[in-house]
1. Evaluate E = 1/(1 + (r/R0)^6) for residue 225 and residue 76, where r is the Cβ-Cβ distance and R0 equals 35 Å; express this FRET efficiency to the nearest 0.05.
2. Calculate the translational D of the chain in whole µm² s⁻¹ from Stokes-Einstein, where the hydrodynamic radius comes from the Kirkwood formula applied to all Cα pairs, the temperature is 25 °C and the viscosity 0.890 mPa s.
3. Given R₀ = 22 Å, FRET efficiency for residue 174-residue 315 by Cβ-Cβ distance, to 0.05?
4. Dividing the convex hull volume of the Cα atoms of region 247-337 by its residue count, what figure in Å³ per residue is obtained?
5. Could you work out the relative contact order of the chain, using alpha carbon pairs under 8 angstrom and six or more residues apart, expressed as a whole percent?
6. Between the helical axis of 294-304 and the dominant principal axis of the chain, each derived from Cα atoms, what acute angle in degrees is found, rounded to the nearest 10?
7. Run the quick spin-label model on residue 29 and residue 198: label points 7 Å from Cα toward the beta carbon, then report their separation in nm to one decimal.
8. Over region 246-338, what relative contact order in percent results from Cα pairs under 8 Å that are six or more residues apart?
């Protein structure tokens, strides 16, 4: 059979149904592969960006606390030069809508904001303390206050390079002044000027001066310019004393022990959880902070203010653990305690 010129041209320009289906399938496969690659790259970039942001914040916070602890003043004169309190259930409107569960737990694996394992008994040689990364320092994290030397301009009495009271704490606040603004977990560093610190005195357990009234209102309710880090959902410090032979013994925190005071006066006591603190002059501190990634902060905010019909991807701590990083640092406290 001889094909005509017209017939050959018509035959070479036509596509069968099978050829079209194969072309569509191949195209769909290529698009699917490209979308998968783009999603993976975008997700990786987002995770890397979140890790980089939280890492930079952690470095800034660690440097600040390290500087304050290394410059801390701790004299054996009966005053209280440092106080550290685990805020198991903080009071105030700032925590009213917080989704952090406050019930204490005996395990770091469950959904609780307070997990402090028992410290090893004092022995020779000393036993290793529990893993700091497993701790959870209460619904409000730790409220750390200390007297430290802070360099300044020396322009006037409020700017002298002299001892001053400093405090670190997490506060849950709105990110803007709008009524419907999201609330985030923010770490603050507040401080008193040297002249106010001197007038107030160096007993940080003085309930009439360093808590709800007087200078304490500044340390307890910091202003916006005292903000040092965003999305910090947990913060704490572990303290050690040093034996004459050089070994370290962990002394705080311990199961059921929520307050610590650096003082030589064993009768000193404050209100609330500071009523019966562990009293030691520390030689070493270990700092702990947990910082959410931006994605984790968004998920926590959505969980705590869930719209109708929203299904959370997990409990509060499941979301936090999956979308945060823990940073720790050991600091040698240079104060002699004399």
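Taken together, the values in this text are just the output of simple stated rules run on the coordinates, not laboratory data. What you are looking at is a predicted structure, and each value in this text was computed from that prediction instead of being measured. When we count neighbours, we look across all protein chains shown, and the Cβ atoms used for this are built from the backbone with ideal geometry, even at glycine.
1. 0.50
2. For the chosen part, D equals 107 µm²/s.
3. The computed FRET efficiency comes out at 0.40.
4. 155 Å³
5. In percent, rounded to a whole number, it is 21.
6. So the helix axis and the longest Cα principal axis differ by about 80 degrees.
7. Between residue 29 and residue 198, the simple spin-label model gives 8.1 nm.
8. 30 percent
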